[in-house]
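Report on the structure given below.
Just so you know, all these numbers are worked out from the coordinates, no wet-lab data involved. These figures come from a predicted structure and were not determined experimentally. Because the Cβ atoms are built from the backbone with ideal geometry, glycine has one as well, and the counts that use them run over all protein chains shown.
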C-alpha cells in the first residue's frame with residue numbers, strides 16, 4: 001500500500017505568499033497532506049528548530065489570520081490540517097473556529113497539548129463540522145489507554161516515535177505500540193518526531209505514513225538560501241522521503 | 001500532626017476548578033500524570049506518609065513556624081498585625097514545605113531523578129536541598145536572565161550538588177525555564193519526577209501543592225485562636241503562581257468572617273505593560289499544562305510579565321486562584337515595585353525582619369489598606385526572607 005507523507009511547515013515564514021508557493025510545490029513533490037503550523041510563543045512539544053521557526057514567525061508579525069488566509073488558498077488544492085498549541089485555538093473560540101475551518105475545507109487539527117481528557121468537551125463540535133481532531137498515541141501509553149484514545153480516531157493516528165520533543169535523534173521500539181493500536185482500530189497510523197531523509201525508511205516500517213517537520217523547517221531557516229532555492233530543497237527532500245518510505 | 005482534609009474547593013475528577021485547571025500536556029506525559037495522581041490519591045490522607053513529612057517538618061525545616069505579633073507595625077497602623085514566619089524555614093521560604101512532600105512521593109514512585117524550574121532560585125534551592133537530603137539526582141531549569149541576576153542562588157544549587165541549566169530561549173525567565181523543564185520531562189518521564197514549585201501546572205499539581213502548603217494555614221489558624229481567641233479579619237499573601245497564598249488561605253476559606261486577600265505584582269503599574277497581574281489584566285487561556293488567567297495578546301501569544309521580584313515575574317497564576325477570583329471567595333489586589341521596595345525597608349526597620357521582595361508585596365498592602373485597617377486583626381504570610389535579594393537591593397537602595 002502507498003505510504004503517506006504529511007509535512008509540517010510554519011506559516012508565514014517569511015510571508016504568506018511564500019508559504020502558499022511552498023505548500024503547492026510540496027503537493028507537486030508528492031506530499032499528501034500539509035500540516036500548517038500556527039506559530040506560538042511557548043511551543044513545549046517542539047525542539048529547537050521548530051521553536052526557532054515559531055519565534056521568528058511571531059517576530060515577523062504572523063497571526064492566526066495569516067494561517068487562515070493561507071489555508072483558504074491551499075486547502076482546496078492539497079489536504080490541509082492546522083498544527084498548533086491549544087491556546088491559539090481556544091482564543092479564537094472553538095465553535096466559531098470550527099465553522100470557519102469547515103468553510104475553508106480544512107480536514108483536521110493537530111493539537112499536541114489537548115489530550116483525550118480535555119478534548120472530550122469539544123468532540124461534538126469537531127464532529128458537527130467534519131473536521132478531524134487528530135488522536136495522538138505515545139510510546140508511554142498502555143494497551144488499555146490506547147484502546148480509549150483510538151476509539152473514535154479519525155483520518156489518521158499520530159504515533160509519537162519516542163518520548164521527547166520534535167526533531168531529536170532519539171528512537172524507540174514501536175512494534176508493540178503499533179500492534180496494540182491495530183487491535184483497536186483500522187484508522188491508519190502515521191509516525192512523527194525525528195523523521196528525516198536518514199530515518200524515514202526505518203520509521204515507516206509497519207505504519208501507514210510518516211509526519212515530517214523539523215527536517216523541512218531546517219531548510220526554511222537557512223538564511224543563505226533564496227526563497228526559490230528553499231522551495232526547491234524542500235521539494236527535493238519531500239520526493240526523497242516519499243520514495244524512501246515506499247521502497 | 002497536619003493531614004489535609006477534603007475541601008469543597010477540591011478539583012473535579014479531571015482536575016478542573018470550574019473551567020480552570022485540567023491537564024493540557026502532550027500525550028507522552030499523560031500516563032505519568034495519571035500515575036502521579038493515583039499515587040497522590042493513595043497518600044493524600046495516609047497518616048504514615050504524613051508522619052514521615054511531619055518528621056522532616058519538625059526536625060529539618062523547624063516547623064511550626066511562629067505566628068509573630070508585630071508590635072511596632074501594629075502600633076504604627078492602629079491594628080493588630082501578625083506575621084506567619086515562613087521566612088524562618090530551612091532554605092528561607094515556604095517552598096521547602098512542598099518539596100519535602102514531593103521528594104518523598106518521588107521516592108515512593110521509585111524515581112531517582114528530580115527536575116524543577118525556578119525563577120528567583122528559591123524553589124531551585126529548596127529542590128536541590130531535598131535532593132541532597134534524600135539522595136536524588138537533581139537538575140534545575142532557570143532562565144538565563146535569572147541565572148545572571150540570582151547568581152548567589154545558582155551557586156547554592158551547585159554547592160548542593162544540582163546541575164543548573166541556563167535556559168536561553170524566549171524571554172529567558174521563569175516562563176521559558178518551565179518550557180524547558182517540560183521538554184526535559186517529556187523526554188525523561190519514565191524515570192524523572194518533576195517537582196513543580198507552585199500551585200500550577202497540570203493536575204494533580206495545583207491541588208497537591210496546595211495540600212502540601214496548607215500546613216501554613218492549618219498552623220496559623222490554631223496559633224491565632226490560641227493568641228487572640230478569635231479568627232482574623234484579613235489574611236494577606238503575595239501571589240506569583242500562588243502557593244504560599246493558597247497554603248495560608250486554605251484553612252480560612254470556609255469562614256465567612258475572614259477576608260483572604262491575594263496580592264499580585266503591580267510592577268511599574270497596571271496601566272503599563274510591565275507587571276505580573278494575570279487576574280486584573282489577563283484572560284483565560286492555556287499555558288504550562290493548565291487553563292488559567294494569562295497575560296496574552298489578541299492572538300493568544302503569551303506576554304512577558306514584569307516584577308522587581310523574580311518570584312512574581314510570571315504571566316500566569318495557579319488555576320485555583322483563577323476560580324476563586326471569579327467565584328469571589330478570595331479578593332485580589334496588586335502592589336507596585338516601588339510600594340514593595342518601600343515595604344522592604346519599612347519592615348526591616350520597624351521589626352528587624354528583612355522580607356523577600358515577594359513577601360514585601362504582602363507587607364506593602366498593609367499601607368495600601370489606608371484607614372480600613374484600623375482595629376483589624378490581620379495575618380500576613382511572610383513567605384520568605386530577603387537574603388537572596390541583597391545583591392539586587394544593594395543596586396536599588398542607597399543609605400548614606
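What is the log10 of I(q)/I(0) for chain A, computed with the Debye formula using one identical point scatterer on each Cα and no solvent, at q = 0.10, 0.14 Å⁻¹? Per q value, in the given order, log10 I(q)/I(0) is -0.43, -0.88. In terms of its Cα atoms, region B:145-278 spans 51, 42, 29 Å along the principal axes, sorted from long to short. In whole percent, what relative contact order does region A:1-77 give with Cα contacts below 8 Å and a gap of six or more residues? Relative contact order of region A:1-77: 40 percent.
Based on C-alpha pairs under 8 angstrom that are at least 6 apart in sequence, region A:106-152 has a relative contact order of 43 percent. Take every Cα pair under 8 Å whose residues are at least 6 apart in sequence, average their separation, divide by the length of region A:123-247, and the relative contact order is 20 percent.
For the peptides A:29-41, A:210-222, A:143-155, A:61-73, the ranking by packing is A:29-41, A:210-222, A:61-73, A:143-155, with the highest mean count of neighbouring Cβ atoms within 10 Å listed first. For the residues of B:16-29, the average number of beta carbons from a partner chain within 10 Å of their own beta carbon is 6.
Projected onto planes of every orientation and averaged, the convex hull of the alpha-carbon atoms in region A:32-172 covers 8.7 nm². Placing a pseudo-label 7 Å from each Cα along the Cα-to-Cβ vector at residue A:142 and residue B:159 gives an inter-label distance of 4.5 nm. Calculated over region B:186-253, the projected area of the Cα convex hull averaged across directions stands at 5.4 nm².
Rounded, prolate or oblate, given the Cα gyration tensor of region A:1-113, with a/c below 1.5 counting as rounded? Taking the square roots of the gyration eigenvalues as a ≥ b ≥ c, region A:1-113 is rounded.
Working note: 222 nm ellipticity from helices only, DSSP H runs with n ≥ 4, each -39,500 (n - 2.57), summed and divided by the residues of the protein assembly as shown, gives -12500 deg cm²/dmol to the nearest 500.
Within chain B, DSSP assigns beta bridges of which about 30% are antiparallel (rounded to the nearest 5).
Note on A:141-148: average number of Cβ atoms from other chains within 10 Å of each residue's Cβ is 1.
Mean partner shielding of peptide A:82-93, defined as the number of other chain Cβ atoms within 10 Å of each residue Cβ, is 4. Over region A:46-102, all Cα pairs binned in 5 Å intervals from 0 give whole-percent P(r) values of 4, 15, 24, 26, 19, 11, 1, listed from short to long. Both the radius of gyration and Dmax for chain B are 19.3, 59 Å, in that order, over alpha-carbon atoms. The Cα-based radius of gyration and maximum Cα-Cα distance (Dmax) for the protein assembly as shown are 25.6, 84 Å.
Sorted into 10 angstrom bins from 0, the C-alpha pair distances of region B:241-400 split as 10, 39, 35, 14, 2 percent. For the listed peptides B:210-218, B:254-262, a ranking on the average number of other beta carbons within 10 Å per residue, highest first, reads B:210-218, B:254-262. Across all Cα pairs in region B:38-143, the calculated P(r) in 10 Å bins from zero up to the longest distance comes to 14, 37, 30, 13, 6, 0 percent per bin. If the convex hull of the alpha-carbon atoms of region B:85-197 is projected onto planes in all directions, what is the mean projected area in square nanometres? About 6.3 nm², averaged over all directions. The alpha carbons of region B:293-379 stretch over 46, 28, 19 Å along the principal axes, in descending order. Its alpha carbons give region A:107-247 an Rg and a Dmax of 16.2, 49 Å. Peptides B:235-247, A:47-59 ordered by packing proxy, namely the average of other Cβ atoms within 10 Å per residue, highest first: B:235-247, A:47-59.
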